[in-house]
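Structure, as structure tokens:
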Amino acid sequence: MIRRKPPAGLLFALPALAWIGLFFLIPVLIMAGYSLHPLTDAGTPGPLSIADYAAFFAEPAYVQALADSVITTIVVVIASTLLAYPFAWCIACVVPKPYQRIALIAAILPFWTSYVVRSYAWLLALSPVGAVNKTLLALHIVSHPVMFAYNPQATEFGFVHFFLMLNTLTIYASLAQINPRYELAARDLGASAWRGFLTITLPLSIPGVAVGAFLTIVLCIGDYVTPQILGGFRELLLPQLIMMQIQRQLDLPMASAMSLLLTVLVALAYLSLQRWLRMARL
Amino acid sequence: MSRRVGGRGLAAGIYMAICYVFIFLPVAVLVLFSFQAGDLPVPPFRGFSLRWYEAAFNDGRLVDGFANSLLVGGVSSAISVLVGFLAAFGLARYEIPGKALLRALIMLPLAVSYLLVGMGLLVSTSALGLGPSLVTVIVGHVVINMPLAFAICQAQLGEHQRRIEAAARDLGAGTFRVLFGITAPMIAPALVAAFCLCFTLSWDEFLIAYLNTRFAVTLPVVIWDLLRGGLNPETNAAGSFIFLVSISVMLVVEFFLWRKRRV
């Protein structure tokens, strides 16, 4: 029996809150607890200690993977934003209104290629016997197949492809909300086309850019499939290390510690973009 | 003046063409070589054949994975939409202290990696002594998709709907009747769109499913195992088929949104 009547609205929100609490917050707390009990030599959880975190930062290969994950993510965010912005701008400002929707849908259609298969499809295109190399050879642009795949650049390439679509969507959404009269007013007052864009449209579209960048960071830094398929084995990223801890080392506490470090990176990204994310109404 | 505008249009056209080629290149390669008559999904293209689709549809693992994916996608999306809709209604229609915080809490999973959700569930189920299972995957997919359904519903519950709900209440309808007799039908297009979006994200989700299943697995996990065998046109066929299904589901969304705009 409920004695004190809770606000009725809370009852409606209760299933959602309970689900998030039971199946997300508590599991993450349990995981955090795990990460503080490193495995003993017998393979059982040991006493409370931050040894796994210390071990992570003492192992150069792990720190390298962390750094590589951060660098890859930054490169991908910058490259996909720089490619997506003009593309989204073309769709929002050059394509005639009635065709904008179809142009946008076409730009994000391959988003629905199977996630696992998308990287595999790039492998097909980029492998030494793949379509791109065969084309280049046939055109005599290269004399030997180029190793496009199996290196960190291939990972970044695969990521940029996916996040170009995502960022085009978020940037378009924010460009489409901007009243074109603002820029026209600036032009009437004598601003050049460039100045109108740089001082009016660009600043107003930054929230959309920030949303795209944040989604890119979240999805990119935690991705296992793309580096595993396209990246080769010379340079491993953090999610690959985590999977190795689970599958080869059977060390769930270490994998938990690494997952939390990854989450800390995402939280830092959120804090640094927070100003603009708050302004976004997509 | 007009020449400059033309030049701008041309540059924009060229840039867009390059982007579209880049975006569609992997899909084109994937689909083209799913029809490969030869044994490898790379050039030369040896002619058109459906043999790899036949192989994929006769592959027991792929068929089982497909069935499991439909189950996981259907159940998790239904729960996501129901729970997300209820929460959106509660937060949009009632005064609750700390509303912004509750909203942030519900949206939180959108801001974390799937890896964290999957790892949390893996560690917790193993701490509880539960084995890997599709139920865990369903639970995890609701965690990642319910916030989306919540956000979509919330965007639809505006002043206009509130007035109609108030009218229904004045005529004597109870809260439950208002919710499922008035509100849900009014935003039905959004509910369908949310379900479809959740479904396309869930049935094809890899990481949570990979971490939390072993014997009964979903389609992307089966394909992941196929990939270990190297380049294989059967993978192309399965991948093209997934693409076709997801695109069809999203076209349903497009249809519903289009209908909504006309109303």
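In the set (1) part of a helix (DSSP H, G or I); (2) in contact (Cβ under 8 Å) with a residue 12 or more places away in the chain, A:E235 fails one condition alone, (1). Only residues that are within 14 Å of chain B (Cβ to nearest Cβ) and more than 18 Å from the chain's Cα centre (by Cα) were counted across region A:56-87, and they come to 2.
Does region A:88-103 contain any residue that is polar (S, T, N, Q), in a helix (DSSP H, G or I) and within 11 Å of chain B (Cβ to nearest Cβ)? No, that holds for no residue. Just to be sure I understand, how many residues within region A:250-282 are over 20 Å from B:L115 (Cβ atoms) and not in a helix (DSSP H, G or I)? Residues that pass the stated criteria total 3. Residue count for region B:77-108 under the criterion of being among the small types (G, A, S), part of a helix (DSSP H, G or I) and over 26 Å from B:A188 (Cβ atoms): the result is 2. Would you mind stating whether A:S80 is crowded, with 17+ Cβ neighbours inside 10 Å, out of contact with any Ser or Thr (no Cβ under 7 Å at 6 or more places or on another chain) and assigned to a helix (DSSP H, G or I)? So A:S80 fails the test. Within region B:215-247, the set of residues being under 20 Å from the mean Cα position of the chain (by Cα) and more than 7 Å from chain A (Cβ to nearest Cβ) comprises B:V217, B:T218, B:L219, B:V221, B:V222, B:A238, B:S240, B:F241, B:L244, B:V245.
Only one of (1) crowded, with 21+ Cβ neighbours inside 10 Å; (2) free of Cβ contacts under 8 Å to residues at least 60 places away in the same chain is not met by B:G158, so which one is it? All conditions are met except number (1). Looking at A:V70, is it touching a helix residue (DSSP H, G or I) at 6+ places or on another chain (Cβ under 7 Å) and either loosely packed, with under 14 Cβ neighbours inside 10 Å or under 30 Å from A:A257 (Cβ atoms) (or both)? So A:V70 passes the test. For region A:178-196, the criterion of being basic (K, R) and within 14 Å of another protein chain (Cβ to nearest Cβ) is met by at least one residue. Among the residues of region B:119-144 satisfying the criterion of being more than 17 Å from the chain's Cα centre (by Cα) and of a type in the set (G, A, S), which is surrounded by the fewest Cβ atoms within 10 Å (Cβ to Cβ)? If we take residues in region B:119-144 being more than 17 Å from the chain's Cα centre (by Cα) and of a type in the set (G, A, S), then B:G129 is surrounded by the fewest Cβ atoms within 10 Å (Cβ to Cβ). If we scan region A:268-277, do we find a residue that is touching a residue at least 60 places away in the same chain (Cβ under 8 Å) and either at the interface with chain B (Cβ under 9 Å from one of its Cβ atoms) or of a type in the set (V, I, T) (or both)? Scanning region A:268-277, I find no residue that is touching a residue at least 60 places away in the same chain (Cβ under 8 Å) and either at the interface with chain B (Cβ under 9 Å from one of its Cβ atoms) or of a type in the set (V, I, T) (or both), so the answer is no.
Each reported figure results from applying straightforward, stated rules to the coordinates on display, with no laboratory input. Bear in mind that the values here come from a model prediction, so they are computed numbers and not experimental data. FYI the Cβ positions are ideal-geometry reconstructions off the backbone, even for glycines, and counts take in every protein chain you see.
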